[in-house]
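Let me begin by presenting the structure, written as structure tokens, before commenting on it.
The values are calculated or read from the model by the stated rules, or taken from the named source; none is laboratory data. A quick note: this is a predicted structure, and the numbers were derived from the prediction, not measured. For neighbour counting, all protein chains shown are included, and Cβ atoms are generated from backbone atoms with ideal geometry for every residue, glycine included. When the accessible area is computed, the model is the full protein with side chains, heavy atoms only, and any ligands, DNA or RNA have been set aside. Shrake-Rupley method; radii C 1.70, N 1.55, O 1.52, S 1.80 Å.
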Amino acid sequence: MDLITDTETLVAFCDRLATERFVTVDTEFMREKTYWPMLCLVQLGGSDEACCIDVLADGIDLQPLFDLMANKNVLKVFHAARQDVEIFVKATGATPTPMFDTQVAAMVCGFGESVGYETLVNNICKKNLDKGSRFTDWSKRPLTERQIKYALGDVTYLRDIYVFLRDKLEQNNRAGWLEEEMMALTSPETYIVDPQTAWKRLKARTKSTKVLAVLQAVAAWREYEAQRKNMPRNRIIRDDTLIDIAHQSPKDAAALERVRGMNKSIANGRYGNEMLEAIQQAMSLAPEDHPAAPTKKDLPKGLGPVVDLLKVLLKFKSEHNDVAQKLIANAGDLEHLAAYGEEADVPCLQGWRRDLFGNDALRLCAGDLALAVKGRSIRVIDVGEDV
């Protein structure tokens, strides 16, 4: 049995999986034409069985699946969990718990940055995946045998990948590192979009708080409308059009029509009326009620060589400890570390990152640590040691 299409079979399957220590989970969904992901298929794997759940089957009740996702005695194993978890949060209001993301674990274990599932299957399971069904239409029924086989592969190999990474984390005493990284993924707030903050993802490139107030208003209107109609944001109004509207702040339909990306029917229709109302409300706000312009500290001049040295140290620490650089620090973190030292508000001065990299980075900036080349290797030495 590879495909479950009725509630009775789903209940029995989930009851069996509820006795497992962990289950592997994946989903197939469509999102090209919708705001919310349209769930089409859920794949679940236990220690010796795996099935696809046809969530579009007539009359099927998914509550047994949701109960399993909430079962705190069963670990849920995903790869690159964010989009899958978003689906469950939308359906139930909660994240699957407890949870393990093999992509994050692989970064902690030295498999590189944002490592793909196929790479892990190749490297750990020594198998090659047939990815020919990756971009098929998962909403069409009936599903083909090739689609089902492909979908099952996303949870069957995941069992061995999880066991390998779990054991490696325990051997390296890094299980606690993964727990720190999983905190954001396990928080429902990560997946809830607040329309009032939607403007922050738009690159307005302005310090005018009045422009930002208008942008906040029209971006929030678009977000609510996209959610209401379940349509992609850019099918309502494009990003660059919203930014132009914010800069021009049109006062009537004729002015709105002249904005690039608008047309007469939109400007004089419901969308136009609602946007003009949002613009008017934003323009009437007192300056103290405007959103604050993003601030970026001016870094002192001459930091380039120091940042370059920190990059070398970061690369050395990453390779020496088998941890993805991206997980430790990024370029902005290094700039702030070079500029502000201990006062820098950066992740690499917290938790395991500080132990692995941050403390030595501070010592390097303070002149208490040096980097030297010996043959083809980098040496990290205390100043005063014979280089």
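What tally of residues in the stretch 214-234 results from selecting those that are open to solvent by 40 Å² or more (accessible area, probe 1.4 Å) and without any contact (Cβ under 8 Å) to a residue 40 or more places away in the chain? Of the residues in that region, 3 qualify. Selection over the stretch 104-144 of residues that are of a type in the set (Phe, Trp, Tyr) and without any contact (Cβ under 8 Å) to a residue 40 or more places away in the chain gives a count of 1. Evaluate the stretch 312-330: report whether one residue or more is free of Cβ contacts under 8 Å to residues at least 40 places away in the same chain, under 30 Å from Val211 (Cβ atoms) and more than 32 Å from the chain's Cα centre (by Cα). No, every residue in the stretch 312-330 fails to be free of Cβ contacts under 8 Å to residues at least 40 places away in the same chain, under 30 Å from Val211 (Cβ atoms) and more than 32 Å from the chain's Cα centre (by Cα).
For the stretch 1-28, give me each residue that is open to solvent by less than 50 Å² (accessible area, probe 1.4 Å) and assigned to a strand (DSSP E or B). Quick ask: steps written out before the conclusion?
Of all residues in the stretch 1-28, those open to solvent by less than 50 Å² (accessible area, probe 1.4 Å) come to 4, 7, 9-10, 12-14, 17-18, 20, 22-28.
The answer is Ile4, Phe22, Val23, Thr24, Val25, Asp26, Thr27, Glu28.
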